[in-house]
Amino acid sequence: MFLSLSKERARLTSTFSEAPIAKTPTAASIFDAHHPPSRELVDDCVHCGFCLPSCPTYVLWGEEADSPRGRIYLMRAGLDGRAAWSDGYRRHFDTCLGCMACLTACPSGVQYDRLIEATRPQVERHRTRSPGDRLFRAIIFALFPYPTRLRMAARLLWLYQRSGLRRLVHASGLMRLMPARLAAMERLLPAIDATAFRSATPTREPARGTARMRVGLLLGCVQRVFFAGVNDATVRVLAAEGCDVEMPGDQGCCGALALHAGRDDEASAAARRLIEVFERANVDRIVINAAGCGSAVKSYGDLLRDDAAYAERARAFASKCVDVSELLATLEPRATRHPLPMRVAYHDACHLQHAQRVRQQPRDVLRTIPGLEICEIAEPEMCCGSAGIYNLLEPATANTLGARKVGHVAATGAEALVSSNPGCLMQIASGLAAAGRSMPTLHLVELLDRSICNSPP
Ligand code: SF4
Ligand code: SF4
């Protein structure tokens, strides 16, 4: 199934210099001194190739350099000074979805997450991008982490959807003339309702009955504007299960998108602000209902390890963070679940199943709903193509992966698709629409909320 390692190594080394592989870091390293990929972590890879079948880019293209093993080899070539910051070199890291399927697959425990998160900021600092690429990324990072700006954009987008202009754009074929990234953004747009414009939201919800614990809820940026209903459902479910819920109104972005895109400074600044906000809230647990945000906040200890004022606080913060399904799975159900006699396909978000290793808890939570049948989706380890902002930056690859996932979802015969990540829900909903299929897509807490409120979808 795989090409032999020696053949692949020959192919990779033909791209770079033929110098022998150095055993220790060399002065020729192309990485700067600020947290380069660790040679020790690179050397943990024994080149077995077990990770290759679960890597989406390797599965699509069959190219060693676009596999985890190949990318690790390229990091080593960079450490040894046998590579240069060419577009080709950078591209192999840009095409990585950061899905972390290779983390789960690797029997040697290679920490690819730490390797790619060390490599990406280096890629950003060495500025090899085109002006157009830099501008597109700058727009994303000037908009997405700011709920106030997103709300303003949501008003325009609401008009676009409600005025009939969207239908006209689709019917006229204009979409085909749009730049691919802009068209991807348009296709992914969820239906916008009045909840997107709410700027003032409650900051506290008391537990129903005796309080079991006091939790803080991370509201997210895109989540609180475009998926405010998911936050509302999370609050209702947590309160019904006996949690006092704190939602500090001054919380900002968690920095997940910046962290996963190699924008370390922005991610670190966001992390410091969020730590301060939740220290003031003084909660037992910090609950996250978006997988990408969850994996980012759990890595704050690593992100701020050099910051004397925040390192310890970051570790303490991270130790309190749980995905909403992790918390609910540990609480004996208190609220009555009403039957939902339906079949749902559960999609594992990569940043939940691979980065946080949370697979069982969402299923355990869903199984508390009487009558609900959970359908497993083929290739569960494979990314749907969402991957943070990957589906905006690399729309062609993301669309291919999205179509593949939609095919597997449809094959289950389920009546609805359930996941724990807004990005995956948007990506799969967009894929379903492109395939001409109609299926409700729901966050796990929305479905649980429907059961508790006795309001079937
Ligand atoms: S993170 Fe995903 S896309 Fe990147 S190398 Fe690992 S499996 Fe492949
Ligand atoms: S990352 Fe792990 S699974 Fe992949 S080739 Fe290296 S040791 Fe093998």
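Give me the distance in nm between label points sitting 7 Å out from Cα along the Cα-to-Cβ direction at ARG273 and SER455, one decimal.
3.2
How far is it, in nm, from the label point at ARG134 to the one at ALA378 when both lie 7 Å from their Cα along the line to the Cβ?
So the two model labels end up 4.5 nm from each other.
Report the Cα centroid-to-centroid distance between segment 223-247 and segment 260-284 in angstrom, as an integer.
One Cα centre to the other: 20 Å.
On a 0 to 90° scale, report how tilted helix 147-162 is relative to the longest principal axis of the chain, with both axes built from alpha carbons and the result rounded to the nearest 10.
The angle comes out near 70 degrees.
Read phi for every residue in segment 311-317 and hand back ³J(HN,Hα) as whole Hz from Karplus 6.51 cos²θ - 1.76 cosθ + 1.60, θ = phi - 60°, with x for Gly and Pro.
Once rounded to whole Hz, the list reads 4, 5, 5, 5, 5, 5, 4.
Based on the Cβ-Cβ distance from ARG149 to MET342, what FRET efficiency comes out when R0 is 30 Å, to the nearest 0.05?
For R0 = 30 Å, the calculated efficiency reads 0.20.
Taking the Cα centroid of segment 315-389 and of segment 117-138, what is the distance between the two, rounded to the nearest whole Å?
When both Cα centres are located, 33 Å separates them.
What list of whole percents do you get for P(r) of the chain, with Cα-Cα distances grouped in 10 Å bins up to the one holding the largest distance?
Taking every Cα pair in the chain, the percentages come to 4, 20, 30, 27, 14, 4, 0.
Would you calculate a helix-derived [θ] at 222 nm for the chain, using -39,500 (n - 2.57) for each DSSP H run of n ≥ 4 and dividing by the full residue count, to the nearest 500?
Helix contribution divided over all residues of the chain: -14500 deg cm²/dmol.
For GLN161, what is the net charge nearby, where nearby means another residue's Cβ is under 14 Å from its Cβ and Lys, Arg count +1, Asp, Glu -1?
+3
What FRET efficiency, computed as 1/(1 + (r/R0)^6) with R0 = 35 Å and r the Cβ-Cβ distance, is obtained for LEU165 and LEU60, rounded to the nearest 0.05?
E between LEU165 and LEU60, to the nearest 0.05, is 0.50.
Count charges around LEU238 for me, please; just the other residues with Cβ under 13 Å from its Cβ, Lys/Arg as +1, Asp/Glu as -1.
Result for the neighbourhood of LEU238: -2.
Taken together, the values in this text are just the output of simple stated rules run on the coordinates, not laboratory data. No experiment lies behind these values; they were computed from the predicted model shown. Cβ sites come from the backbone with ideal geometry, for glycine too, and all protein chains shown count toward neighbours.
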